[in-house]
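The values are calculated or read from the model by the stated rules, or taken from the named source; none is laboratory data. The model shown is predicted, which means the values in this text are computed figures rather than measured ones. Please note: Cβ atoms are built from the backbone with ideal geometry, for glycine as well, and neighbour counts cover all protein chains shown.
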């Protein structure tokens with residue numbers, strides 16, 4: 001899972017990137033794209049690792065991407081600023097809700113709308129350019145996919161009405177449009193960057209119902225990311241922070257994207273795999289290797305809770321909670337799976 005961090009200048013994007021990744025490089029690196037990979041905390045993996053004592057324990061991972069400075073309201077900005085985040089699975093939109101010298105008073109609602117408008121404009125330019133090309137091809141007698149044209153015209157209508165494409169999920173997910181990687185179609189987690197002492201979500205009107213919003217105190221979280229575990233424990237208690245920003249953002253991102261984890265276990269390796277909700281067993285096998293998907297025979301499945309209750313895989317089998325499932329079985333969060341296949 002790759003999450004792109006966006007926001008207007010002064011919103012605290014860099015502080016949040018560093019808090020989430022622990023990658024502390026500072027303002028000198030504003031002119032560079034930055035990438036940080038973190039493991040997805042999962043107590044179930046810890047328990048399974050203790051149970052199986054594998055040679056390797058591998059957690060699921062999240063990649064955070066912070067494009068180099070250049071976004072926002074700078075004079076002379078062009079739409080190419082959105083190109084680096086078009087391959088991200090989702091976006092984290094950082095919104096300022098704190099006072100800062102040299103900046104206007106915080107206006108979270110206005111900033112959310114302003115950044116949405118920029119994404120909408122970027123997508124509208126892509127749509128219009130493609131529709132112009134389609135019109136040219138038709139005049140030259142070339143074959144044109146009418147479905148693509150119809151879908152693009154629908155996109156243009158919504159974008160001209162200043163509606164981000166993520167609000168029309170069935171349109172955003174249409175197969176003929178996938179190659180366009182529209183930025184306004186990507187799921188967005190809005191992080192309201194508050195003052196140190198402010199834990200409350202500001203008044204956002206209808207946006208609260210339309211978007212996934214959460215509060216973060218980036219300055220505190222940035223300090224927390226640089227502490228030892230002992231220092232961090234006391235710090236969390238002092239500021240009434242129940243869990244780190246990294247843990248909260250990962251959970252929100254999984255929920256936003258409809259992601260779950262299944263596990264493979266054994267003496268060699270205990271590992272978490274990330275898939276979308278309602279993924280069928282044969283496609284989950286493909287997350288491990290295409291050969292397993294191609295030669296899929298059966299999935300031997302045991303729910304995590306059933307394994308823990310039984311105490312071992314052998315005991316779970318005796319209890320009848322280990323079962324064989326076919327290709328169309330929809331994998332559940334926490335399933336422990338052994339794929340049987342032949343290639």
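Numbers at a glance
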read-out: Search result, residues across the range 163-176 that are surrounded by 13 or more Cβ atoms within 10 Å (Cβ to Cβ) and not in a helix (DSSP H, G or I); value: 163, 164, 168, 174
read-out: Tally, over the range 15-52, of residues that are on the phi > 0 side of the Ramachandran plot and out of contact with any strand residue (DSSP E or B) (no Cβ under 9 Å at 6 or more places or on another chain); value: 1
read-out: Selected residue (criterion: surrounded by the fewest Cβ atoms within 10 Å (Cβ to Cβ)) from residues of the range 270-289 that are in contact (Cβ under 8 Å) with a residue 24 or more places away in the chain, assigned to a strand (DSSP E or B) and in contact with a helix residue (DSSP H, G or I) (Cβ under 9 Å, 6 or more places away or on another chain); value: 274
read-out: Residue within the range 151-161 that is touching a helix residue (DSSP H, G or I) at 6+ places or on another chain (Cβ under 7 Å), within 30 Å of residue 250 (Cα to Cα) and assigned to a loop (DSSP other than H, G, I, E, B) present; value: no
read-out: Residue in the range 185-231 that is nearest to the chain's Cα centre (by Cα), counting only those that are part of a loop (DSSP other than H, G, I, E, B) and under 23 Å from residue 257 (Cα atoms); value: 187
read-out: Among (1) surrounded by 13 or more Cβ atoms within 10 Å (Cβ to Cβ); (2) at pLDDT below 90; (3) within 30 Å of residue 178 (Cβ to Cβ); (4) over 19 Å from the mean Cα position of the chain (by Cα), the one test that residue 111 misses; value: (2)
read-out: Filtered residues of the range 9-18 (kept if crowded, with 21+ Cβ neighbours inside 10 Å and outside any helix (DSSP H, G or I)); value: 11, 12
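To keep it simple, each residue is scored yes or no on (1) modelled with pLDDT of 90 or more; (2) surrounded by fewer than 19 Cβ atoms within 10 Å (Cβ to Cβ); (3) under 30 Å from residue 105 (Cβ atoms).
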site: 3; (1), (2), (3): yes, no, yes
site: 24; (1), (2), (3): no, yes, yes
site: 30; (1), (2), (3): no, yes, yes
site: 35; (1), (2), (3): yes, yes, no
site: 45; (1), (2), (3): yes, no, no
site: 66; (1), (2), (3): yes, no, yes
site: 86; (1), (2), (3): yes, yes, no
